[in-house]
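All of the numbers you see were taken from the coordinates with simple rules; none came from a lab. Keep in mind that this is a model prediction, so the values were computed, not measured. Cβ atoms come from the backbone with ideal geometry, glycine included; neighbour counts cover every protein chain shown.
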Amino acid sequence: MDMTPPDKKMKLVMVGNGMAGVRALEELLKLAPDMYDVTVFGAEPHPNYNRILLSPVLAGEQTVDDIVLNPLDWYSENNITLHVGKKVVKIDRTHREVETSDGMRVGYDRLLLATGSNPFILPVQGADLPGVISFRDIADVDAMVQASSQYQHAVVIGGGLLGLEAANGLMKRGMQVSVVHIGPWLMERQLDEPAARLLQKSLEEKGMKFLLQKQTAELVRGESGRVCAIKFKDGDSAPADLVVMAVGIRPNTELAESSGLHCNRGVVVSDTMQTFDPRIYSVGECAAHRGIAYGLVAPLFEQAKVAANHLAQHGISRYQGSVTSTKLKVTGIDLFSAGNFGGGGQTEDIVLSDPVGGVYKKLVLQDNKLVGACLYGDTVDSAWYFQLLREGRNIADIRDHLMFGQSNLGDSGHAGQNKAAAMTDEMEVCGCNGVCKGTIVKAIKEKGLFTLDDVKKHTKAASSCGSCSGLVEQILSSTLGGDYSATPAVKPVCGCTERTHDEVRAAIRDHKLLSIPDTMKFLEWRTPDGCATCRPALNYYLISTWPGEARDDAQSRFVNERVHANIQKDGTYSVVPRMWGGTTNASELRRIADVADKYAVPMIRVTGGQRIDLFGIKKEDLPGVWADLDMPSGHAYGKALRTVKTCIGSEFCRFGTQNSTQMGIDLEKAFWKMWAPHKVKFAVSGCPRNCAEAAIKDVGIIGVDSGWEIYVGGNGGIKTEVAEFLVKVKTAEEVLEYSGAFIQVYREEARYLDRTVHWMQRVGMDYIKKRVLEDEAGRKALYQRLLYALSVEKDPWAERVKDGVAKHEFEVFSV
Amino acid sequence: MSNWIKIAPLSEFPQQGARVVRHDGKDIAVFRNAGDGVFAMNDKCPHKGGPLSQGIVSGNTVTCPLHGMNICFDDGKALAPDEGCVGTYPVKVEEGVVFLQI
């Protein structure tokens, strides 16, 4: 424990004013805004800017002002003392002070080293000549822009990501550019040979020249004293008025090493981002975590978050390394690579190659998991492949379709059909909120967005149905290059906590938490009473884990589930009474007609789920409407069992093999009132013609002559998913037990707002078969637990009409 | 001339919830948060006119039920990055009774 008295703030000093360090400060300010007096030293004379976007600045697509992430005002608003253009040269660990080159000394309680990296300069003669620079900061870009207006010949040494982006920028500025590369092909750390050849070809078509397998011997001094040519070890030479060295970066550990901190290709840090001196943290390109110093922004931001968590003394977060991916920020070139793209050893390759069409795709598999990918020319599915790779998902069941991408998995829906890079700015990305590509790109650049969540918040794209999330991730990565922060595989529930959905569920179960305040207290929620994202999730986890015991908190439910009707855009509600298995009778229809007259219902509509929907009901009228209908709630408004759709079946149909209508009625009567992580739809068809469309329902039952087939995990919404065959059973009782057990596993284990299909994709069909088919006792227990949970639920409409529950909801104060 | 109008006992307002006060054909949402703070504003989200009284209340904000915009009770402003503002009304609790100034 720190012994600092509470009235005195601790002192935090940060050395380095770059993206990783400042992100750590931002995260810290969110967690503990008043814990530290913060002082920042930056060697560059600028506030924190987006280093990733130096390439577009060089190419003339953006200005320096566009890429500033934290203007000077940000530092003063947050009471951060900023010293720009000051270099820290010494850390006195005994007295806990840093010292600058001009003799200034500042004490610290915690020190954050974010010194980044230095470009590697080839140790050749002439490397110090005027006109020889690296590509690292704004000063370098200024030097390149200036050179491009005066000189003709540019040579870029290094055919990696940075070198090619520099070459592209200089070419756009009108220079003749040659790229010198020691390797046999370009970007050998990110691409295999076939992909690199395609890349080289298309860059050559743009006018770039390549000198491969050339080793630099000397940079030649011209008459003016400036560099004028480059000489190679094989005796060749080329004219050069500007030489850009982009042969790699080295973690900047000079300061750390001189102060005795353990360094090994970077400042060595633990999973808590602490160096060997626990008062000193390090994040960013200077830090070596488990032997890796990362050079891309996504891992650095993860590190920043972890460091902030510990600096704020929360002490629960760990950094466990990152899987990174690469994209080249050269307009018109689609390229992506991630993981072990080279293959070899125990791996298997799937390759699609069309050199003339300019498309090359290679997927590397090991033990039925995707371990690497290298895509050129068509990167539509890069976000999906990267997700499969990070999650380590078993792809055995989709292996034969893997190469053809996500949209070829038998799904429809527009996700990923469009090619982000090829889209024009006016093309619509988010169909729900009408957001175009240009709006998203503009927000990413101007507001400094890095993650899908950022884009959702600022533009509303992908914030409704989410089917364009993949496309938005593509736009992020094509705008920012490989440096964007891909959505982590496992996410916290919301901004109120670090905990994931699964951790929250486990805590509620293992510690028998029975209310939302108890859960928040136990799990150290950061906000006093959560938010509109976490509260509904917590409420569902509580009531599904402890039915009859946990408190169902109406104020933590979305309006529809609190009011038991569906809110519409004008603030009125729609009412859908339950019609068991899609059946009704004259008396019910008469009552519905009377209600429509009495309350002047402006619209009556037959739903897709074989029921009747009354629109335009005022909230105050709801209890009256329910009383007059005298029918049970259809739960058409809830994350709950909606409808059991049926075909007429063997009672009337000449093809019917089973009485599907009765089966539907039985299922609906057994499972109605069931809350779930998301809405749940059933359907029962009486023969394989499947008129009830059972193949796109969460649970679909198809009658055959010898019994019933049960299908699970179908979805007719956002992305059509065909249900998978689970089992064939003989009797109606078995249909109830097996489908009930399946739905209970989903209720107990899926994350809130997972549809069955999303949950199944994560846990796999084998797991579901194990729980529902192979373990008979387990199946029966699951079914019993479901029946018990349902036994404590009441018809919400009847409760409100007869028992006056939640009366206040429906009364207005008139004054 | 604005006057304090007596509305109802505080106990009639759900914690982390709201009631609607109808005045002169206009709906005003009166919120009560978890700390028993009481706030009033027009029952109309600046985004697309959603009834804010029906939103989830957390801390000093309400989340509009239609599209999820967050509105702060203190000044009626939408939380960043959203933009927009709702008119607020003075409200007070005296001896357990809520009064509204319209």
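Once you divide the Cα radius of gyration of the stretch A:501-557 by 2.2 N^0.38 Å, the number left is 0.98.
What is the packing order of peptides B:63-70, A:264-271, taking the mean over residues of other C-beta atoms within 10 Å and listing the highest first? Don't skip to the end; give the middle numbers.
Numbers: B:63-70: 21.6, A:264-271: 18.9.
Output ranking for B:63-70, A:264-271: B:63-70, A:264-271.
Candidates A:S556, A:G495, A:S791 compared by Cα position along the dipole of chain A: farthest toward the positive end lies A:S791, with charges placed on Cβ.
With a cut-off of 11 Å between beta carbons, the residues surrounding A:R605 carry a summed charge of 0, where Lys and Arg count +1 and Asp and Glu -1. When +1 charges are put on Lys and Arg Cβ atoms and -1 charges on Asp and Glu Cβ atoms, the dipole computed for the protein assembly as shown relative to its Cα centre reaches about 580 debye. Normalised by the number of residues in chain B, the average gap of Cα pairs under 8 Å and 6 or more apart makes the relative contact order 28 percent.
Positive end of the charge dipole of the stretch A:205-364 (Lys, Arg +1 and Asp, Glu -1 on Cβ, about the Cα centre): tell me which of A:G207, A:I280, A:P299 has its Cα farthest that way. Towards the positive end, the residue furthest out is A:I280. Once you compute Rg and the Kirkwood Rh from C-alpha atoms, what is the Rg to Rh ratio for the stretch A:249-295? Answer for the stretch A:249-295: 0.91. Kindly express, to the nearest 10 degrees and within the range 0 to 90, the angle between helix A:297-311's C-alpha long axis and the longest C-alpha principal axis of chain A. Roughly 80 degrees between the two axes. Rounded to the nearest 0.05, the FRET efficiency derived from the C-beta distance between A:V89 and A:M10 at R0 = 22 Å is 0.40.
Normalised Debye scattering of the stretch B:4-101 at q = 0.13, 0.15, 0.19 Å⁻¹ gives log10 I(q)/I(0) of -0.38, -0.51, -0.81, counting only Cα atoms as equal scatterers and leaving out solvent.
Take the Cα radius of gyration of chain A and divide it by 2.2 N^0.38 Å, with N its residue count; two decimals is plenty. Display every interim value, and only then the final one.
Numbers: Rg = 31.3 Å, N = 815, 2.2 N^0.38 = 28.1 Å.
My calculation over the Cα atoms of chain A gives 1.11.
Between the helical axis of A:193-206 and the longest alpha-carbon principal axis of chain A there is an angle of about 70 degrees. Listed peptides A:672-684, A:36-48, A:291-303 appear in the order A:672-684, A:291-303, A:36-48 once ranked by packing, highest mean of other Cβ atoms within 10 Å at the front.
Neighbours of A:Q744, meaning other residues whose beta-carbon lies under 10 angstrom from its beta-carbon, give a summed charge of +2 when Lys and Arg score +1 and Asp and Glu score -1. Across q = 0.12, 0.13, 0.20 Å⁻¹, the stretch A:492-607 modelled as identical point scatterers on its alpha-carbon atoms has Debye log10 I(q)/I(0) values of -0.61, -0.66, -1.00, in the order of the q list.
Counting DSSP beta bridges with both partners in chain A, what percentage is antiparallel, nearest 5? Provide the component values of the computation, followed by the final result.
Values: 70 of 116 bridges.
Percent antiparallel among DSSP bridges in chain A is about 60.
Among residues other than B:H67 with Cβ under 9 Å from its Cβ, the summed charge is +2 (Lys and Arg +1, Asp and Glu -1).
Each 10 Å bin from 0 upward holds the following percent of the Cα-Cα pairs of the stretch A:132-247: 15, 49, 32, 4, 0.
Among the residues of B:8-17, the average count of other protein chain beta-carbon atoms within 10 Å of the residue beta-carbon is 3. With Cα atoms as the point set, the radius of gyration and Dmax of the stretch A:155-216 evaluate to 10.5, 30 Å.
Just need the relative contact order of chain A here, percent rounded to a whole number, with Cα pairs under 8 Å and 6+ apart.
Working: 1677 pairs, mean separation 59.0, N = 815.
That works out to 7 percent.
Over all directions, the projected convex hull of the C-alpha atoms in the stretch A:525-663 averages 11.4 nm² in area.
Dipole size of the stretch A:501-557 about its Cα centre, with +1 on Lys/Arg Cβ and -1 on Asp/Glu Cβ: approximately 80 debye, rounded to the nearest 20.
Among the trypsin sites (Lys or Arg not before Pro) within the stretch A:702-758, those in coil by DSSP and having at most 13 neighbouring Cβ atoms inside 10 Å are A:K730. Between the Cα long axis of helix A:586-598 and the first principal axis of chain A there is an angle of about 60°, rounded to the nearest 10. The alpha carbons of the stretch A:638-794 give a radius of gyration and a Dmax of 14.3, 43 Å, in that order.
When the helices in chain A are scored as -39500 (n - 2.57) per DSSP H run of 4 or longer and the sum is shared across all residues, what 222 nm value do you end up with, to the nearest 500 deg cm²/dmol? Could the numbers behind the result be given before it?
Values: 24 runs with 245 residues, N = 815.
Taken over chain A, the calculation gives -9000 deg cm²/dmol.
Database remark: amide H of A:M10 closer than 5 angstrom to the amide H of A:D37 (H placed geometrically; neighbours at sequence offset of 5 or more, or on other chains; Pro and chain starts carry no H).
Placing unit charges on each Cβ (+1 for Lys and Arg, -1 for Asp and Glu) gives the protein assembly as shown a dipole about its Cα centre, and among A:P194, B:N70, A:G235 the Cα reaching farthest toward its positive end belongs to B:N70.
Peptide packing for A:375-382, B:28-35, A:446-453 was compared via the average number of neighbouring C-beta atoms within 10 Å per residue; ordered from the highest value, the list is A:375-382, B:28-35, A:446-453.
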